Amino acid sequence: MTDRKPGLTYADSGVDIDAGNRLVDLIKPMVRATARAGADSEIGGFGGLFDLKAAGFTDPVLVAATDGVGTKLKVAIEAGINGGVGIDLVAMSVNDLVVQGAEPLFFLDYFACGKLDPQAAAEVVAGIAEGCREAGCALIGGETAEMPGLYGGKDYDLAGFAVGAAERGTLLPSADIAEGDVVIGLASSGLHSNGFSLVRKIVERSGLKYDDKAPFSPVMTLGGALLAPTRIYVKSCLAAIKATGAIKGLAHITGGGFTDNIPRVLPKHLGVGIDLPRIPVLPVFKWLAEQGEVAELELLRTFNCGIGMIAIVRADAVDAVTESLSASGESVHLLGQVIAAKGEHRVVYDGHLDLSW
């Protein structure tokens with residue numbers, strides 16, 4: 001009789017179905033905590049449901065956005081700090097919804113890895129749930145994919161998908177943006193989730209490790225400071241839109257910085273003039289500029305430099321908009337105004353960033 005080798009199992013190939021089930025059990029309470037009108041936030045089915053009528057909409061236009069966290073994940077993995085990137089994942093999509101005047105309704109996530117660590121994955125999902133609560137949207141589903149051979153070691157990747165809605169006729173930017181409208185900026189919480197390929201190169205050049213003290217924030221490790229979660233501007237901006245009716249456009253400052261993102265909400269014949277000394281440059285950007293010898297225009301096209309959201313506001317309502325945003329906890333900065341476009345230069349800078357320590 002010929003000896004036969006034992007049959008292979010899915011676990012032999014590196015995929016642990018039981019680990020996936022443990023993760024689902026760990027995250028169910030987190031998901032339930034994001035419940036809102038229109039969604040019961042229970043996971044485990046094949047699809048998530050959302051009731052627009054129950055959410056209070058009459059004639060809604062749906063708005064969808066998707067994004068990831070980029071190579072900020074490499075810092076999180078190396079530093080062993082996983083929760084904040086979950087907030088980042090939500091922020092990158094819901095901030096893109098609110099710039100169109102839409103209220104985020106629900107969110108789905110995709111978590112891919114080589115070998116599933118249920119505890120680490122649960123930390124990520126805890127951050128996602130926190131981001132959803134901050135944005136007022138429900139986490140109605142997601143997918144966990146364990147793919148040995150495609151991802152190595154502790155590596156994982158994230159993608160997020162958000163859907164929001166606005167009543168027909170209320171979408172931003174409005175068609176009446178004009179010369180003389182005022183540009184205001186809302187302070188960022190740090191790097192947010194852009195430019196990390198350059199950040200990692202600068203850290204490598206500095207010789208520092210992620211568990212070393214941050215030179216620009218001695219009470220934090222370098223990794224902890226770089227991983228400050230992206231600020232979510234949803235509730236403050238929606239409140240100001242509703243309270244004032246004076247916000248004509250919003251621009252989320254992500255990859256491309258001021259230079260590429262502000263023109264996206266402007267008519268072709270208009271640009272903006274930005275007074276650079278008014279930008280509240282955070283210490284992390286000053287350190288990066290110094291360590292990497294990064295030119296000013298490169299900083300402005302790569303990072304948010306301290307401003308994570310731009311608002312285009314009717315000139316006679318700047319005080320009202322500022323008061324509303326400040327009441328919601330935002331730090332508001334008057335940066336410039338809308339001007340006629342000067343050829344290809346849609347964003348014109350005056351003065352220089354304050355990069356002194």
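Odds and ends about this structure:
- The set of residues from segment 24-46 being on the phi < 0 side of the Ramachandran plot, of a type outside the set (Phe, Trp, Tyr) and at pLDDT 70 or above comprises ASP25, LYS28, PRO29, MET30, VAL31, ARG32, ALA33, THR34, ALA35, ARG36, ALA37, ALA39.
- Count of segment 193-231 residues which are within 14 Å of the chain's Cα centre (by Cα), over 30 Å from PRO267 (Cβ atoms) and part of a loop (DSSP other than H, G, I, E, B): 3
- Selection of segment 257-272 for residues being surrounded by fewer than 16 Cβ atoms within 10 Å (Cβ to Cβ) and either part of a loop (DSSP other than H, G, I, E, B) or over 19 Å from the mean Cα position of the chain (by Cα) (or both) yields PRO267, LYS268, HIS269.
- Set LEU238, LEU276: member being crowded, with 17+ Cβ neighbours inside 10 Å, farther than 30 Å from ILE81 by Cα and in contact with a Leu (Cβ under 8 Å, 6 or more places away or on another chain): LEU276
- Only residues that are of a type in the set (A, V, I, L, M), in contact with a Leu (Cβ under 8 Å, 6 or more places away or on another chain) and not in a strand (DSSP E or B) were counted in segment 313-346, giving 3.
- Picking from residues in segment 323-357 that are acidic (Asp, Glu) and free of Cβ contacts under 8 Å to residues at least 24 places away in the same chain, the one that is nearest to ASP260 (Cα to Cα) is GLU344.
- Which numbered condition GLY190 fails, given (1) open to solvent by 10 Å² or more (accessible area, probe 1.4 Å); (2) part of a loop (DSSP other than H, G, I, E, B): (1)
- Check on VAL294, in a loop (DSSP other than H, G, I, E, B) and not small (Gly, Ala, Ser): yes
- Condition check for ASP88: open to solvent by 20 Å² or more (accessible area, probe 1.4 Å) and of a type in the set (D, E, K, R): no
- Residue pairs meeting the criteria (Cβ under 7 Å; at least 6 apart or on separate chains; first crowded, with 21+ Cβ neighbours inside 10 Å, in segment 98-123; second assigned to a strand (DSSP E or B) and among the polar types (S, T, N, Q)): PHE111/THR144; LEU116/THR144; ALA121/THR144
- LEU171 vs. criteria of a type outside the set (D, E, K, R), within 15 Å of ASP96 (Cβ to Cβ), assigned to a helix (DSSP H, G or I) and open to solvent by 10 Å² or more (accessible area, probe 1.4 Å): no
The values are calculated or read from the model by the stated rules, or taken from the named source; none is laboratory data. Computed from a predicted model, the values in this text were never measured in an experiment. Glycine gets a Cβ as well: all are built from the backbone with ideal geometry, and neighbour counts include every protein chain shown. What goes into the accessible areas is simple: the full protein's heavy atoms, side chains included, and nothing from ligands, DNA or RNA. Shrake-Rupley method; radii C 1.70, N 1.55, O 1.52, S 1.80 Å.
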